[in-house]
Amino acid sequence: MMKNDKLGICLIGAGRAGMIHARNYHERITNADILCVVDAVEDAAAKAAQELEAESFGTDYRNVLDNKNIDAVVVAAPTNLHKQIVLDFANAGKRIFCEKPMGVTVAECDEMINCCKNNNVLLQIGFMRRHDESFLMARERVESGDIGDVVLVQSCTRGPSKPKPWMYDISRSNGILAEVNSHDIDSVRWFANSEMKTVYAIAGNYRNREVAEQYPDYYDNVVVSGIFQNGIQYVITGSSYVQYGYDSRMEIIGTKGRIQVGRNDKLFCNCTTPGVGTSTPFIESWTSLFRDAYLAEDRHFVECVLNNTEPKVTGLDGRMAVRIVEVGNASIREGKIKEV
């Protein structure tokens with residue numbers, strides 16, 4: 001435990017999200033480090049391990065379960081693999097950071113939560129917006145009553161990239177409600193300080209029509225609305241392959257005012273010229289917009305492990321996001337309002 005006074009971490013999944021966390025632990029967090037990298041693609045694992053100066057790498061995470069130098073694991077593998085990875089590491093007594101979406105189904109999430117609880121293992125879910133300075137400030141203003149009583153919470157996320165082939169299969173990806181809007185679902189729950197009571201969702205495929213025949217259920221644009229148990233209204237919108245940039249914002253409407261949080265300008269620079277008008281560089285990716293939030297999230301995980309405290313974002317938060325995805329997709333299929 002705690003080799004050289006550093007929390008020993010295993011990274012599972014050396015993709016974009018996994019490497020954001022790994023680089024934080026390797027370069028910016030002094031009391032933790034990546035000791036092992038696991039990825040299904042051996043070349044990716046080897047390349048990441050070299051960059052991170054990790055002791056080992058491989059393609060099978062089960063070879064790491066008995067490694068006594070590994071205190072914790074960052075799970076950034078595909079969503080359908082999360083459950084078994086978390087169960088195995090929980091049974092091995094390792095602390096767990098699991099990226100969103102937590103799982104494919106609520107049943108999977110319940111199994112993961114119960115296994116971690118039975119093994120007295122910390123489980124933190126990767127909703128980094130709860131660690132973002134602007135979002136934290138906005139929530140403090142809400143809690144202080146600056147805008148009166150909250151009436152409506154709106155949140156949108158629009159991604160620029162064309163979906164990967166596996167994402168077209170809703171049975172595997174759970175749609176963009178899971179892949180794109182999990183953060184929005186968690187954020188509106190957080191600001192409303194309540195659980196959703198009703199869900200009504202409409203969706204369509206507008207930008208990827210070439211796959212419509214093979215994947216008739218796929219959608220790249222979705223609108224979800226409803227009310228919370230405490231009466232607050234909410235609206236969530238999500239899009240993929242918008243191409244113009246990464247767009248993530250929230251608006252909280254109260255009885256006395258409103259709060260807007262999030263930004264889409266890459267730099268605080270407006271340029272106005274004849275014929276063109278005013279232009280501003282747009283955010284290209286969530287990796288740059290939430291860079292500092294990821295760092296705060298990773299530091300929080302280490303602090304929770306070392307201090308044996310509960311994380312800000314628990315397995316329950318991950319479970320509820322998956323639950324709303326399930327209900328939302330059912331609403332899309334059935335074309336009616338669903339009770340949660």
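The values are calculated or read from the model by the stated rules, or taken from the named source; none is laboratory data. Just so it is clear, the structure is predicted and the values come from calculations on it, not from any experiment. Glycine gets a Cβ as well: all are built from the backbone with ideal geometry, and neighbour counts include every protein chain shown. Note: accessible area is taken over every heavy atom of the protein model, side chains too, but ligands, DNA and RNA are not part of it. Shrake-Rupley method; radii C 1.70, N 1.55, O 1.52, S 1.80 Å.
For beta carbons closer than 6 Å, sequence separation of 6+ or different chains, a first residue in the stretch 9-20 that is over 21 Å from residue 69 (Cβ atoms) and a second that is at pLDDT 95 or above and aliphatic (A, V, I, L, M), the qualifying pairs are 17/76.
So how many residues does the stretch 90-112 have that are among the hydrophobic types (A, V, I, L, M, F, W, C), in contact (Cβ under 8 Å) with a residue 40 or more places away in the chain and touching a strand residue (DSSP E or B) at 6+ places or on another chain (Cβ under 9 Å)? Step through it out loud before you land on a result.
Within the stretch 90-112, the first condition is being among the hydrophobic types (A, V, I, L, M, F, W, C), and the residues that meet it are 90, 92, 96-98, 102, 104, 106-107, 109, 112.
So of that shortlist, the ones also in contact (Cβ under 8 Å) with a residue 40 or more places away in the chain come out as 97-98, 102, 104, 106, 109, 112.
Restricting the remaining residues to those that are touching a strand residue (DSSP E or B) at 6+ places or on another chain (Cβ under 9 Å) gives 97-98, 102, 112.
Residues flagged as among the hydrophobic types (A, V, I, L, M, F, W, C), in contact (Cβ under 8 Å) with a residue 40 or more places away in the chain and touching a strand residue (DSSP E or B) at 6+ places or on another chain (Cβ under 9 Å) within the stretch 90-112 amount to 4.
For the stretch 31-66, a residue qualifies if it is without any contact (Cβ under 8 Å) to a residue 24 or more places away in the chain, exposed (fewer than 13 other Cβ atoms within 10 Å of the Cβ) and over 23 Å from residue 80 (Cα atoms), and exactly one does: 50.
Report whether or not residue 112 is hydrophobic (A, V, I, L, M, F, W, C) and more than 16 Å from the chain's Cα centre (by Cα). For residue 112, the condition - hydrophobic (A, V, I, L, M, F, W, C) and more than 16 Å from the chain's Cα centre (by Cα) - is met. Among the residues of the stretch 83-91, some residue qualifies, meaning at least one is under 28 Å from residue 330 (Cα atoms) and of a type in the set (Val, Ile, Thr). State whether the residues of the stretch 142-164 include one that is closer than 26 Å to residue 60 by Cβ, surrounded by fewer than 20 Cβ atoms within 10 Å (Cβ to Cβ) and modelled with pLDDT under 95. Checking the stretch 142-164: at least one residue is closer than 26 Å to residue 60 by Cβ, surrounded by fewer than 20 Cβ atoms within 10 Å (Cβ to Cβ) and modelled with pLDDT under 95. Scanning the stretch 312-340 for residues that are open to solvent by 10 Å² or more (accessible area, probe 1.4 Å) and part of a loop (DSSP other than H, G, I, E, B) returns 312, 314, 335, 336, 337, 340.
Residues in the stretch 199-258 that are aliphatic (A, V, I, L, M) and either open to solvent by less than 20 Å² (accessible area, probe 1.4 Å) or assigned to a loop (DSSP other than H, G, I, E, B) (or both): 199, 201, 211, 212, 222, 224, 232, 236, 242, 250, 252. Are any of the residues in the stretch 84-94 surrounded by fewer than 18 Cβ atoms within 10 Å (Cβ to Cβ), in contact with a helix residue (DSSP H, G or I) (Cβ under 8 Å, 6 or more places away or on another chain) and either among the hydroxyl-bearing types (Ser, Thr, Tyr) or part of a loop (DSSP other than H, G, I, E, B) (or both)? For the stretch 84-94, residues surrounded by fewer than 18 Cβ atoms within 10 Å (Cβ to Cβ), in contact with a helix residue (DSSP H, G or I) (Cβ under 8 Å, 6 or more places away or on another chain) and either among the hydroxyl-bearing types (Ser, Thr, Tyr) or part of a loop (DSSP other than H, G, I, E, B) (or both): absent.
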